[in-house]
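Undergrad: Have a look at the structure that comes next, please.
The values are calculated or read from the model by the stated rules, or taken from the named source; none is laboratory data. Being a predicted model, the structure only gives us computed values, none of them experimental. Cβ atoms come from the backbone with ideal geometry, glycine included; neighbour counts cover every protein chain shown.
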Amino acid sequence: MYCVIQEIERKKPNKYGASKEITTGSLSFAIGGEPKTKYTWSYSNERHERPIRTAYKLSIHQSTRLSGKATKFQNVITTTDFYSIAEGWFNLYDHDKKITEIATKLKCRCKRSL
C-alpha cells in the first residue's frame, strides 16, 4: 500500500483569488442622544488573478494478486489546487473522515495521534 500525489492540470484557472484590498468604512448613530461611531472593514470585490492551473490529487493505492492476476485498488482522498498549498490553507486533518473510510475499506488499523 502506498500514497500517490499526482500533479494534474485543471482546464480553467481559479477565478476566486484573494481580494486585492481591504476597504474601511464607518457608521455614525446616536444612542440616548450620545453620538457613536462604529468602524468597519471588508474585503474588496476585485480579486487577484490566479493563472496557475496546477492541482494535486492525493490517493492511496494497493496492489494485490488474485488468482495470479495483479489488481490495483485506487482510493482518492482529495484534489487540491496549487494556491491552497502555497497559502497554507490545505490541511490533511480536514479529510480525516475520508482517510478513515479508506482505511476501513482496505482493512487497515488507524492509529490516531490527534
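Undergrad: Here are some residues: ILE31, ILE22, ILE8, ILE85. Which one is loosely packed, with under 14 Cβ neighbours inside 10 Å, in contact (Cβ under 8 Å) with a residue 60 or more places away in the chain and not basic (Lys, Arg)?
TA: Residue meeting the stated conditions: ILE8.
Undergrad: Of the numbered conditions (1) surrounded by 13 or more Cβ atoms within 10 Å (Cβ to Cβ); (2) in contact with a Phe, Trp or Tyr (Cβ under 9 Å, 6 or more places away or on another chain); (3) aliphatic (A, V, I, L, M), ILE77 fails exactly one; give the number of that condition.
TA: Failing condition for ILE77: (2).
Undergrad: Looking only at segment 75-91, which residues are in a strand (DSSP E or B) and in contact with a helix residue (DSSP H, G or I) (Cβ under 7 Å, 6 or more places away or on another chain)?
TA: Of everything in segment 75-91, those that are in a strand (DSSP E or B) and in contact with a helix residue (DSSP H, G or I) (Cβ under 7 Å, 6 or more places away or on another chain) turn out to be ASN75, ILE77, THR78.
Undergrad: Then there is this: Give the residues of segment 31-56 that are among the small types (Gly, Ala, Ser), in contact with an Asp or Glu (Cβ under 8 Å, 6 or more places away or on another chain) and in a strand (DSSP E or B), sorted by residue number. So that I can check it myself, show each step before the final result.
TA: Filtering segment 31-56 for residues among the small types (Gly, Ala, Ser) gives 32-33, 42, 44, 55.
Checking the rest, the ones that are also in contact with an Asp or Glu (Cβ under 8 Å, 6 or more places away or on another chain) come to 44, 55.
Within segment 31-56, just ALA55 meets the criteria.
Undergrad: Now, a different point. Can you name the condition, by its number, that ASP94 falls short on among (1) assigned to a strand (DSSP E or B); (2) at pLDDT 85 or above?
TA: Condition (1) is where ASP94 drops out.
Undergrad: If a residue must be more than 20 Å from GLY17 (Cβ to Cβ) and of a type in the set (Val, Ile, Thr), how many such residues does segment 51-106 contain?
TA: Here the count works out to 10.
Undergrad: Identify, please: which residue in segment 59-91 is of a type in the set (A, V, I, L, M, F, W, C) and more than 22 Å from the chain's Cα centre (by Cα) and is, among those, modelled with the lowest pLDDT?
TA: LEU66
Undergrad: Considering only residues that are among the hydrophobic types (A, V, I, L, M, F, W, C) and either crowded, with 17+ Cβ neighbours inside 10 Å or within 18 Å of CYS108 (Cβ to Cβ) (or both), which ones fall in segment 51-74? Give the derivation first.
TA: From segment 51-74, those among the hydrophobic types (A, V, I, L, M, F, W, C) are 52, 55, 58, 60, 66, 70, 73; that's our starting set.
Scanning segment 51-74 gives ALA55, LEU58, ILE60, PHE73.
Undergrad: Moving on. For the subset of segment 34-45 comprising residues that are surrounded by fewer than 10 Cβ atoms within 10 Å (Cβ to Cβ) and more than 22 Å from the chain's Cα centre (by Cα), which member is nearest to LYS15 (Cα to Cα)?
TA: Across segment 34-45, the extreme among qualifying residues is TRP41.
Undergrad: Identify the residue in segment 1-30 that is among the hydrophobic types (A, V, I, L, M, F, W, C) and part of a loop (DSSP other than H, G, I, E, B) and, among all such residues, is nearest to TRP41 (Cα to Cα).
TA: Applying the filter and picking the extreme gives ALA18.
Undergrad: Another one. Any chance segment 51-58 includes a residue that's closer than 28 Å to LYS12 by Cβ and more than 22 Å from the chain's Cα centre (by Cα)?
TA: no
Undergrad: So which residues in segment 101-110 are at pLDDT 85 or above and either among the acidic types (Asp, Glu) or over 21 Å from THR71 (Cα atoms) (or both), if there are any at all?
TA: GLU101, the sole residue that qualifies.
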